[in-house]
1. With a/c under 1.5 counting as rounded, go ahead and sort the stretch 56-157 into rounded, prolate or oblate using the C-alpha gyration tensor (a ≥ b ≥ c being the square roots of the eigenvalues; past the cut-off, prolate if a/b is larger than b/c, else oblate).
2. Starting with the highest mean, order 287-297, 29-39 by the number of other Cβ atoms within 10 Å, averaged over the residues of each peptide.
3. Rounded to the nearest 0.05, what FRET efficiency do residue 253 and residue 100 give with R0 = 51 Å and r taken as the Cβ-Cβ distance? Could you check?
4. Where the accessible area of the stretch 42-153 is counted over protein heavy atoms with a 1.4 Å probe, how much of it, in %, is carbon and sulfur?
5. Could you state the accessible area per residue of the stretch 1-70 in Å², with a 1.4 Å probe and every protein chain left in place?
6. Are any of the pairs 219/291; 172/255; 159/267; 162/260; 34/291 more than 27 Å apart by Cα-Cα distance, and if so, which?
7. Could you sort the peptides 267-277, 65-75 by per-residue average Cβ neighbour count (10 Å cutoff), highest mean leading?
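The values are calculated or read from the model by the stated rules, or taken from the named source; none is laboratory data. Computed from a predicted model, the values in this text were never measured in an experiment. Cβ coordinates were reconstructed from backbone atoms using ideal geometry, including for glycine residues, and neighbour counts include every protein chain displayed. To get the accessible areas, we keep the full protein, side chains included, count just its heavy atoms, and leave off ligands, DNA and RNA. Shrake-Rupley method; radii C 1.70, N 1.55, O 1.52, S 1.80 Å.
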Amino acid sequence: LEFRRVLFRSRYRFTLETGKWWNIRWWQEEQYYKDAQFTEIQIDAAFTELINVLDSNWILDQKSDNNPTFLHPLANLLLAEGQYSFQILCSLGLDLYRVRKSGLLKESLMRRIKNPKEYWESAAFELQLLSHFLYQNFDIKRDYKSGKGKRGNCNCDFKISKGDEIIFLEAKRPKDMHRCNEEIYEKSFNSFKASILENNSRSGSFIGDPLLPKPELKKIFRHILYAANYQLPSDGAGGVIIESHWSLDFWETFKEMANKRFLNRAKYSHLSFIVAVESFFDSQGFNHNIKILLNPYANIDVSSYKVLSAIRSLNVKRKR
């Protein structure tokens, strides 16, 4: 045990100096092969991918002054060792490997995953989703021309098919909160900090008004309507995935507003479903809270489609 501590401290210091976190390849130890969840070939492919993507320059950029931890959670996992880090990193590396080999890995997606100041969990979900489809033998085409726009050159993100099932999918990522909610959040957070400093009985929770759902949902609906009007083909089954920190807090209000605004209108009969995803990283790794709203007035009923089953299955741990 003492030897492992010395080895870890040595590797940690070396990484801080050089950024080369792979100097001691802890994931090649026998303990990581015992449960047979990943083969030796998969482990090698996964960590080779991580070494290439999360390189030494990126690691050095994650150093934080006077802080023993790195800015990005992934950087901390690379040094942590153990089954927990291994499972998350191996899954991420295999996702990267699978999506890159298929030609679907965009530089913009990698940039979002590597940036701790962005909603990087959302990018990780998109990567997992693509890898999940590929693993289940779906055919995926990126930037599929929808035929819309003045010259018919508008794209939707993905055309996904399996057998006779075809779905067109657009992914949207609302970023900043509406100004009024930013003010509510700031006020609540300031109250939270003050309660801790005062060491009063209310410490440990936010104090203040709840966030207002309608300003955020209006922003989401603008994304959905833009996708339906300009990106999804008019003659197929289309879906929009909304990935955000907070959309599922307002799910019941979301359903009510969506039904009033467009799900019962013939203009949007090509919009078969909407997926709301809240992605987050916690002690269990990458997690997703997923809700699906079907359009009962859609031209094509996709309720039994394999694509939706694949999306729903990301709510639980995937098996390789």
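1. Because a/c hits 1.5 or more and a/b fails to exceed b/c, the stretch 56-157 counts as oblate.
2. Numbers: 287-297: 16.5, 29-39: 11.9.
Result, highest mean Cβ count within 10 Å first: 287-297, 29-39.
3. Values: r = 39 Å, r/R0 = 0.76.
The pair residue 253/residue 100 has a calculated efficiency of 0.85.
4. Working: 2270 of 5100 Å².
About 45 percent, which is the carbon plus sulfur part of the accessible surface.
5. Numbers: 4470 Å² over 70 residues.
Spelled out: the 1.4 Å probe surface of the stretch 1-70, per residue, equals 64 Å².
6. Details: 219/291 18 Å; 172/255 17 Å; 159/267 21 Å; 162/260 32 Å; 34/291 35 Å.
Going by Cα-Cα distance, 162/260; 34/291 fall outside the 27 Å limit.
7. On the way: 267-277: 21.8, 65-75: 14.5.
Highest mean packing first, the order is 267-277, 65-75.
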